[in-house]
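J.: Got a structure here, written out as structure tokens. Questions coming.
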Amino acid sequence: MTSLANLYPAHINELQVRAKNVLARENIDGLVIHSGKELKIFLDDNSYPFKVNPHFKHWLPLVNITNSWLIINGIDKPTLIYYQPVDFWHKVEVLEQSYWNAFFEIKVITNAAEVDSLLPYDKSNYAYIGEHIEVATALGFEQINPEGALNYLHFHRAYKTPYEQQCMRESNAKAVAGHNAAKAAFMSGESEFEIQRAYLRATSHNESETPYGNIVALNENASILHYTALERAKPAAHRSFLIDAGANFHGYASDITRTYAFEQNDFAALITRMDSLMLKAVDGLKPGKSYVDLHIETYQEIAKVLAEFNLITTSVESAVEAGIVSTFFPHGLGHHLGLQVHDVGGFMADERGTHIDAPTQHPFLRTSRTIEVDQVFTIEPGLYFIDSLLADLKNGEHSAMVNWSKVEEYKPFGGIRIEDNIIVHQSHNENMTRDLKLD
């Protein structure tokens, strides 16, 4: 496997090309990218966990460095202003020698206020890219997160370089180790809280280092799409387990979901069927195809599953036409993945940011873009038994289309979601998750 050090030069070259193009198009002299700063908790001297600006970590694998800056013009070697304070209260992230150092002019500061002397004196035609508008204003930037520049950068960020793809394989490897540990903890009868601890140990992450709050849901809790409560007590019985959890590697996220049954029963058979449906959707990721069309095809496949498992009393076609499938599958098929879990650019038709709306019948889709080579997606169909949605359906005009006694049998299991991370290549789809032997 090609090392990160060998892949990184081409990655930097591609980012330089993108920077040069966007600066010329927007008539800007340069980009000044701020890593970010710590945010204090209200009325407290403690800070929230730091999350670095994704535009910053796109260039180099520094995810814990506050008050640092990149100056980029697309031609010259980028300048990195690295904040390394003298501090006896906290552990300082010391600048280390690594494969990326040679690609930057590195200037170290020990006081965050020193940065002004190292930034361009005339900032009128430099664009600040970052979260902290008050910092940009105080430093004299006039162009702050210009929309045209961000649209260009976000559109092109959907195309992952070979370096980025390798980082995402490494991120998947970390997450798969965590998923295997979590499954073992579930089968041993542990609580949600203990399963989460097993996951974090296996990934060598703490809770603030995962790319999102892990969903670790037993039994009925699996019906809550973004469940993060982590009950400490073990349930009276272990019936089902849904885990949606990822990992980070050099700032790149993985996002994997699995659902397990504690016993070999009808729910286990339903999981197996949804797994085959998910893999069929993965096969449908084809360059030139609309992700919306793939979602709609999968929506129709879920209607078939509802019929096969006697959850509906009507035809597949009628269930789709009436929209009752949305009660059981209320979210989108997946999303772009990369520097952020729900990575940017999913609704863009072009580099100027022309927006492609999701269809009104499927408002929760996270991408409507055409599938292309070097894009990375999640595929995550689901089938759930959600009290509030079921109540609306039962009280509505299509209630007779549902086999309510069968629904009641499945409700104690919560629901099913299965999610893999896929790189689209010209000749094939690379399922990073399955390649790591996660069932």
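J.: Hey, among Ser191, Ser204, which residue is open to solvent by 10 Å² or more (accessible area, probe 1.4 Å) and small (Gly, Ala, Ser)?
T.: Values: Ser191 fails: open to solvent by 10 Å² or more (accessible area, probe 1.4 Å).
From the options Ser191, Ser204, the qualifying one is Ser204.
J.: Of all residues in segment 46-71, which are part of a loop (DSSP other than H, G, I, E, B) and aromatic (Phe, Trp, Tyr)? Talk me through it step by step, then tell me what you get.
T.: Keep residues of segment 46-71 that are part of a loop (DSSP other than H, G, I, E, B), which gives 46, 48-53, 58-68.
Across segment 46-71, the qualifying residues are Tyr48, Phe50, Trp59.
J.: Is it the case that Val86 is more than 29 Å from Val344 (Cα to Cα) and open to solvent by less than 50 Å² (accessible area, probe 1.4 Å)?
T.: Numbers: more than 29 Å from Val344 (Cα to Cα): yes; open to solvent by less than 50 Å² (accessible area, probe 1.4 Å): no.
Criteria not met by Val86.
J.: May I ask you to say which residue of Thr314, Thr298, Thr370 is more than 18 Å from the chain's Cα centre (by Cα), among the β-branched types (Val, Ile, Thr) and within 20 Å of Thr257 (Cα to Cα)? Walk me through how you get there before you give the answer.
T.: Values: Thr314 fails: within 20 Å of Thr257 (Cα to Cα); Thr370 fails: within 20 Å of Thr257 (Cα to Cα).
None of the other options fit; the residue is Thr298.
J.: Moving to a separate point now. Out of Phe267, Phe364, Phe262, Phe329, I need the residue that is closer than 25 Å to His226 by Cβ, aromatic (Phe, Trp, Tyr) and at pLDDT below 95. Which one?
T.: Details: Phe267 fails: at pLDDT below 95; Phe262 fails: at pLDDT below 95; Phe329 fails: at pLDDT below 95.
Being closer than 25 Å to His226 by Cβ, aromatic (Phe, Trp, Tyr) and at pLDDT below 95 holds for just one of Phe267, Phe364, Phe262, Phe329, which is Phe364.
Residues are listed down the side, and each one gets a yes or a no for (1) among the hydrophobic types (A, V, I, L, M, F, W, C); (2) crowded, with 20+ Cβ neighbours inside 10 Å; (3) in contact (Cβ under 8 Å) with a residue 12 or more places away in the chain:
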| position | (1), (2), (3) |
| --- | --- |
| Arg232 | no, no, yes |
| Arg258 | no, yes, yes |
| Ala281 | yes, yes, yes |
| Pro287 | no, no, yes |
| Val292 | yes, yes, yes |
| His295 | no, yes, yes |
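J.: Another one. Assigned to a helix (DSSP H, G or I) and either farther than 19 Å from His250 by Cβ or more than 25 Å from the chain's Cα centre (by Cα) (or both), is that true of Ala10? Break it down into steps so the answer makes sense when it comes.
T.: Numbers: assigned to a helix (DSSP H, G or I): yes; either farther than 19 Å from His250 by Cβ or more than 25 Å from the chain's Cα centre (by Cα) (or both): no.
Answer is no for this residue.
J.: Within 30 Å of Lys20 (Cα to Cα), modelled with pLDDT of 95 or more and assigned by the TED database to the domain that holds Met348 - does that describe any residue in segment 170-193?
T.: Step one: of segment 170-193, the residues within 30 Å of Lys20 (Cα to Cα) are 170-171.
Right, trim to modelled with pLDDT of 95 or more and you get 170-171.
From what is left, the residues that are assigned by the TED database to the domain that holds Met348 are 170-171.
Within segment 170-193, one or more residues are within 30 Å of Lys20 (Cα to Cα), modelled with pLDDT of 95 or more and assigned by the TED database to the domain that holds Met348.
J.: Of all residues being assigned to a strand (DSSP E or B) and hydrophobic (A, V, I, L, M, F, W, C) in segment 128-147, which is most open to solvent (accessible area, probe 1.4 Å)? Just the residue, please.
T.: Going through segment 128-147, the residues assigned to a strand (DSSP E or B) turn out to be 128-129, 143-144.
Applying the additional criterion that residues be hydrophobic (A, V, I, L, M, F, W, C) yields 129, 144.
Working: Ile129: 2, Ile144: 50 Å².
Step by step, filter segment 128-147, then rank; the result is Ile144.
J.: Quick one: which of Lys51, Lys91 is surrounded by fewer than 19 Cβ atoms within 10 Å (Cβ to Cβ), more than 26 Å from Tyr152 (Cβ to Cβ) and of a type in the set (Lys, Arg)? Write out each step before concluding.
T.: Details: Lys51 fails: more than 26 Å from Tyr152 (Cβ to Cβ).
Among Lys51, Lys91, only Lys91 is surrounded by fewer than 19 Cβ atoms within 10 Å (Cβ to Cβ), more than 26 Å from Tyr152 (Cβ to Cβ) and of a type in the set (Lys, Arg).
J.: Based on this model, can you work out whether Ala10 counts as farther than 19 Å from Pro146 by Cα and not charged (D, E, K, R)? Walk me through how you get there before you give the answer.
T.: On the way: farther than 19 Å from Pro146 by Cα: yes; not charged (D, E, K, R): yes.
Answer is yes for this residue.
J.: Please give the strands (runs of 3 or more DSSP E) falling wholly within segment 209-273 in which 2 or more residues are farther than 28 Å from Lys51 by Cβ and outside the structural domain of Leu60 (by the TED database). I'd like the intermediate steps shown before the answer.
T.: On the way: elements: 215-218, 240-245, 256-261.
Fully inside segment 209-273 and qualifying: 240-245, 256-261.
J.: If you go through segment 314-361 one residue at a time, how many are touching a helix residue (DSSP H, G or I) at 6+ places or on another chain (Cβ under 7 Å), of a type in the set (Ser, Thr, Tyr) and part of a loop (DSSP other than H, G, I, E, B)?
T.: 1
J.: May I ask you to list pairs of residues, at least six apart or on different chains, whose Cβ atoms are under 8 Å apart, with the first in segment 1-28 being surrounded by 14 or more Cβ atoms within 10 Å (Cβ to Cβ) and the second being of a type in the set (Asp, Glu)?
T.: That search, which allows pairs on different chains as well, returns His11/Glu164; Leu23/Asp29.
The values are calculated or read from the model by the stated rules, or taken from the named source; none is laboratory data. On a predicted model such as this, the values are computed, not experimentally measured, just so you know. Cβ sites come from the backbone with ideal geometry, for glycine too, and all protein chains shown count toward neighbours. Ligands, DNA and RNA are stripped out before the accessible areas are found, and what is left, the full protein with its side chains, is counted by its heavy atoms. Shrake-Rupley method; radii C 1.70, N 1.55, O 1.52, S 1.80 Å.
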